[in-house]
Amino acid sequence: LYSDRPHVLKASAAYRTPFGLTLAGTLNVTSGSRFDRQYYSEKGGYANYVAERGTFDSVNPWWSMDIKVQYALKLPFGRGWISAELNNVTNNRQATGISSGALNSGGEYFASGRQSPMSMEVGLGYIF
């Protein structure tokens, strides 16, 4: 049930201006995946479940927003463009998974995955 996310919302929008600039954005909102608390067993490691699978708790919901700007160029022998895309604009690094077996010395769970950090991509394109 690691990948069970009961609610997933995705919204995208784009607007092209009359002078060749395109602005776009994407918003992703996801409810947290389920995880289980397991106890250690001499015979099988962390294999004993405290409650029914998928009912112990869930990871906090997380979201991300991406934006893109693209400018169209009119060239003599075709079309071109310049673009820049910023992913995870707010650098939200929410845990996307929990390692439900081992706990740290304070009895806390470890994040087994996090959202990718903010990143930027730039590009050039040309169509003959």
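The values are calculated or read from the model by the stated rules, or taken from the named source; none is laboratory data. Since we're looking at a predicted model, the values are computed, not measured. Note that we place each Cβ from the backbone using ideal geometry, even for glycine, and neighbour counts take in every protein chain shown. Each accessible area value is taken on the protein alone, full model and side chains, heavy atoms only, with ligands, DNA and RNA left out. Shrake-Rupley method; radii C 1.70, N 1.55, O 1.52, S 1.80 Å.
Listing for the model above:
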| item | result |
| --- | --- |
| Output for the range 67-85, where each listed residue is hydrophobic (A, V, I, L, M, F, W, C), open to solvent by 70 Å² or more (accessible area, probe 1.4 Å) and closer than 20 Å to Tyr15 by Cβ | Ile67, Trp81, Ile82 |
| Residue identified as touching a Lys or Arg at 6+ places or on another chain (Cβ under 9 Å), modelled with pLDDT of 90 or more, surrounded by 16 or more Cβ atoms within 10 Å (Cβ to Cβ) and among the polar types (S, T, N, Q) among Asn88, Asn28 | Asn28 |
| The range 42-73, subset small (Gly, Ala, Ser) and modelled with pLDDT of 70 or more, residue nearest to Val122 (Cα to Cα) | Ala72 |
| Matching residues in the range 1-20 - criterion: being surrounded by fewer than 10 Cβ atoms within 10 Å (Cβ to Cβ), aliphatic (A, V, I, L, M) and modelled with pLDDT of 95 or more | Ala13 |
| Subset of the range 56-66 [surrounded by 15 or more Cβ atoms within 10 Å (Cβ to Cβ), within 13 Å of the chain's Cα centre (by Cα) and of a type in the set (A, V, I, L, M, F, W, C)] | Trp62, Met65 |
